Amino acid sequence: MTIKLTEADCRNVTWTFQGIDDGYRVYIGHGTHPVTNVPIMVKKREPIIEETLLALNKERRNNTASKRWSSGNGSDKGGNMPMIHVGSIPMNKFLADFAEKAQEGDRDFGRWWLNRDENQPFRTREGKV
């Protein structure tokens with residue numbers, strides 16, 4: 001029997017990677033429904049966009065490595081300092097790491113997260129944000 005489950009229904013599920021299918025990572029989860037204690041099996045598909053995005057981030061980082069942060073963005077012509085593109089993060093990573101902090105009102109979390117060494121592949125510029 002197939003029923004529609006919510007995210008909360010699947011919190012106690014243990015996920016197992018099954019493989020890659022048409023640009024998606026496929027996971028199967030086994031657990032029990034939190035209200036009815038009935039065993040459940042869930043299939044999750046996660047898009048694979050990270051490889052392309054990380055390659056694009058690296059290219060952008062390499063293109064701006066020896067330039068000033070504001071070079072070519074208007075401030076060198078007497079304008080105000082513009083917004084500068086400093087990183088690109090896949091949606092699944094954003095939802096896992098950022099969404100809760102954003103709801104709590106933490107405005108500095110993104111800067112802190114991008115400045116961490118392990119998150120450097122998500123940066124499009126060198127230096128500190």
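Laboratory data are not the source of any read-out in this text; all were calculated from the coordinates shown. This one's a predicted model, so the numbers in the text were calculated from it and none came from an experiment. Here the Cβ positions follow ideal geometry from the backbone for every residue, glycine too, while neighbour counts run over all protein chains shown.
The number of residues in the stretch 1-32 that are in a helix (DSSP H, G or I) and closer than 30 Å to GLU51 by Cα comes to 2.
Yes or no, residue by residue, for (1) touching an Asp or Glu at 6+ places or on another chain (Cβ under 6 Å); (2) part of a strand (DSSP E or B):
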residue	(1), (2)
PRO34	no, no
ASN37	no, no
ILE40	no, yes
ARG45	no, yes
THR52	no, no
LEU56	no, no
ARG60	no, no
ALA65	yes, no
